[in-house]
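In what follows, a structure is listed as structure tokens, so that the remarks can point back to it.
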Amino acid sequence: MASSPMEFPLSPQEVGALKARLAADARDEGARRELVAWYRRTQHLDQAGRYAIAVDGFATEPELRAYGALLRGLRADDRRMAVLSRLPDDADSLMQARKSLDDVLVPARDDFIDAVAPVIWSIFTLAVLAALVWTFVAALLNGDGAHFWARVLSVVCLGILALACGISSVDCARDRSRVAAVVFGLLAAAAVASALLLLR
């Protein structure tokens, strides 16, 4: 039989009793909601998110962000999260909790960047191949202006490379791959600098 709602403020003993109820029955939604209400009143957003995450759509975005930060600080995996949040012992509950966190913590993907990045890299590859073939043929024929056009094609290739590296740097930064983002950023800068030197 469900107990009547507790009145605020809760004593430490009452908070402990609610946690004990959840430990005994992770599906005791009444105890869970009272715990969340208490932590919301006391502005403990991480703890509110910790218990609210088990109920689909119950946790707010700030609570999920605070709880996510807590989990990162503890280096907690999904199993540890399930224990901390007193999740029901089934795969669906864990998947729902993980999705709730990911929807808030993982940056939304930009379809434009996802679509453009491989196209730019493909164009760069084709441009390099075209420049190599043209330079080789021009050298064999000893045509006039071969040096000039080789320079122009090199600048074009470097410009495309800078664009491709810049897009890849943004993409890596979104995925929190900071080292890769910095590497691509430096490559983009080097490509731009090289193109400017060739234009002199």
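Going residue by residue through region 133-145, is there one that turns out to be more than 37 Å from the chain's Cα centre (by Cα), more than 30 Å from Tyr67 (Cβ to Cβ) and at pLDDT 85 or above? Spell out the reasoning first.
Let us first name the residues in region 133-145 that are more than 37 Å from the chain's Cα centre (by Cα), namely 133-145.
Keeping just the survivors that are more than 30 Å from Tyr67 (Cβ to Cβ) gives 133-145.
This time we only want the ones that are at pLDDT 85 or above, so: 133.
Looking for residues that are more than 37 Å from the chain's Cα centre (by Cα), more than 30 Å from Tyr67 (Cβ to Cβ) and at pLDDT 85 or above, one finds at least one in region 133-145, hence yes.
In the set Leu10, Leu84, which member is without any contact (Cβ under 8 Å) to a residue 60 or more places away in the chain and under 30 Å from the mean Cα position of the chain (by Cα)?
Working: Leu10 fails: under 30 Å from the mean Cα position of the chain (by Cα).
One residue alone meets the criteria, Leu84.
The values are calculated or read from the model by the stated rules, or taken from the named source; none is laboratory data. What you see is a predicted model; the values in this text were computed from it and never measured. For neighbour counting, all protein chains shown are included, and Cβ atoms are generated from backbone atoms with ideal geometry for every residue, glycine included.
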